[in-house]
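One structure below.
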Amino acid sequence: MIGQHLLVARALGFGLTLAVALSGALGCSPASSQADTVVVARQDLLLEVDVSGALKAIDSDTLAPPAIPGVWQFKISMMAPEGAEVKQGDPVLGFDVTDLQRQLERKQAERDTAATQAEASRAEARIGSFDSKLEIADAEAKRRKAGIQADVPEGIVAVDELAKARLDLEIAEQRVGHLSAKDRDAQRRRQANIERWEHQHQRAEASVEQLTAAIEKMSIKASRDGTVIYETNWRGEKKSVGDSVWRAGSVMQIVSLEAMEGMGEVDEVDSSRIEAGQSVSLHLDAQPDVVLHGKIASVSTMVRRQSPENPLKVVELRIELEPNDKLRLRPGMRFRGKVLTQKIEGALVVPLDAIVPTAEGPMARKRTSSGVELVPVQTGRRSETLVEITGGLELGDELARSTEAKP
């Protein structure tokens with residue numbers, strides 16, 4: 001009796017093992033079948049566009065090299081630490097003044113030399129004028145004496161003496177005229193020399209004032225209270241002490257961290273679907289679990305190259321973010337996200353992997369009482385995970401995912 005029961009038990013165990021093996025081989029286990037089955041359902045279909053970019057402070061002042069005539073390249077000599085809280089008037093950025101200081105010293109020397117020469121020219125002019133007046137006065141005295149001798153009536157002195165006196169008078173008058181003309185010419189020359197040195201002094205003094213003001217401008221102070229944020233270039237690099245920067249290049253910002261906005265970009269291909277007012281959800285690269293919500297504030301009308309190294313054409317857009325006092329956001333934080341371009345309510349949808357692309361068009365593996373049947377379907381709009389069904393399937397139909405073995 002016991003032997004019969006053992007035989008029956010062995011037979012049942014063998015049969016169960018065979019059934020499990022066959023079930024596993026055919027891939028028809030209840031759990032596996034349920035996991036590979038999707039149901040045609042109605043739900044909202046969200047059409048989205050990828051967006052990426054960086055945060056930007058709404059309230060900020062950008063600091064760059066000062067506008068100094070003739071200077072186009074600057075060397076950074078001082079930078080306030082990034083993240084430092086500064087007050088209005090605090091020095092936050094400085095540039096090397098070695099070249100300007102050297103120019104200032106040269107112009108100061110030119111100014112002092114011109115001032116010395118101008119004063120010397122004035123003194124020389126005074127002495128020269130005094131000597132000329134003495135010489136002219138002596139000549140006028142001789143003319144007066146000659147005039148007295150030549151004014152004697154004829155018959156009182158000899159004819160030849162009278163002729164000689166009159167000749168002396170003529171010579172004396174000519175000398176007075178010559179010396180007067182010579183003095184006028186000398187005065188003009190001396191005055192021109194004085195004016196030349198005075199003009200050089202004025203020009204040098206103006207250069208000294210300009211260079212002094214330029215040196216003062218090379219030390220930049222905060223124009224407002226705020227936080228120091230270093231600017232980054234298209235390669236994500238920041239300036240540091242010792243680096244060179246062109247006149248038009250920005251170095252840092254003094255920002256308020258109270259309000260941020262997003263400066264994003266989308267692919268040119270998708271830009272026609274973007275418009276102001278559309279909802280946006282963003283994930284920060286530094287804080288992937290944080291989700292920021294907002295809406296498109298404006299869309300650029302220009303298409304540009306994404307970067308010198310990346311030829312992808314993109315369109316810029318500005319994103320207005322919803323206030324969130326719990327987050328510590330900073331300018332320059334990179335983000336990736338989605339722009340909701342359209343919401344189709346109650347669409348008939350299935351997952352994308354439930355559709356099989358074929359040469360005859362899209363197909364679906366519909367489950368029927370007799371097994372899995374490949375049926376043609378008509379599809380419409382799609383998101384990253386779902387596709388709209390416009391024909392060939394009905395609500396509640398069960399489909400096998402395309403990863404299941406082909407019939």
On the basis of being in a strand (DSSP E or B) and touching a strand residue (DSSP E or B) at 6+ places or on another chain (Cβ under 9 Å), does GLU275 make the cut?
no
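Yes/no per residue for (1) at pLDDT 90 or above; (2) more than 17 Å from the chain's Cα centre (by Cα):
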| position | (1), (2) |
| --- | --- |
| GLU258 | no, yes |
| ASP267 | yes, yes |
| GLU309 | no, yes |
| LEU312 | yes, yes |
| LEU317 | yes, no |
| LYS326 | no, yes |
| LEU340 | yes, yes |
Before we move on, is ALA248 over 22 Å from the mean Cα position of the chain (by Cα) and either assigned by TED's automatic domain parsing to the domain that holds ARG106 or assigned to a loop (DSSP other than H, G, I, E, B) (or both)?
no
Of (1) assigned to a helix (DSSP H, G or I); (2) of a type in the set (Val, Ile, Thr); (3) within 16 Å of the chain's Cα centre (by Cα), VAL228 satisfies every one except (1)
Residues within segment 78-101 that are surrounded by 12 or more Cβ atoms within 10 Å (Cβ to Cβ) and in a loop (DSSP other than H, G, I, E, B), tallied
6
Residues that are in a loop (DSSP other than H, G, I, E, B), in contact with a Lys or Arg (Cβ under 8 Å, 6 or more places away or on another chain), without any contact (Cβ under 8 Å) to a residue 40 or more places away in the chain and closer than 30 Å to VAL299 by Cβ: does segment 347-360 have at least one?
no
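Yes/no matrix, rows are residues, columns are (1) without any contact (Cβ under 8 Å) to a residue 40 or more places away in the chain; (2) exposed (fewer than 15 other Cβ atoms within 10 Å of the Cβ); (3) touching a helix residue (DSSP H, G or I) at 6+ places or on another chain (Cβ under 6 Å):
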residue	(1), (2), (3)
ASP61	no, yes, no
LYS107	no, no, yes
GLU110	no, no, yes
ASP131	yes, yes, no
GLU140	yes, no, yes
Within segment 97-115, is there a residue that is within 23 Å of LYS238 (Cα to Cα) and of a type in the set (A, V, I, L, M, F, W, C)?
yes
Restricted to segment 302-360 and to residues being β-branched (Val, Ile, Thr) and touching a Pro at 6+ places or on another chain (Cβ under 9 Å), the residue surrounded by the most Cβ atoms within 10 Å (Cβ to Cβ) is ILE355
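The values are calculated or read from the model by the stated rules, or taken from the named source; none is laboratory data. Quick caveat: nothing in here was measured; it's all calculated off a predicted structure. So basically every Cβ, Gly included, is an ideal-geometry build from the backbone, and we count neighbours across all protein chains shown.
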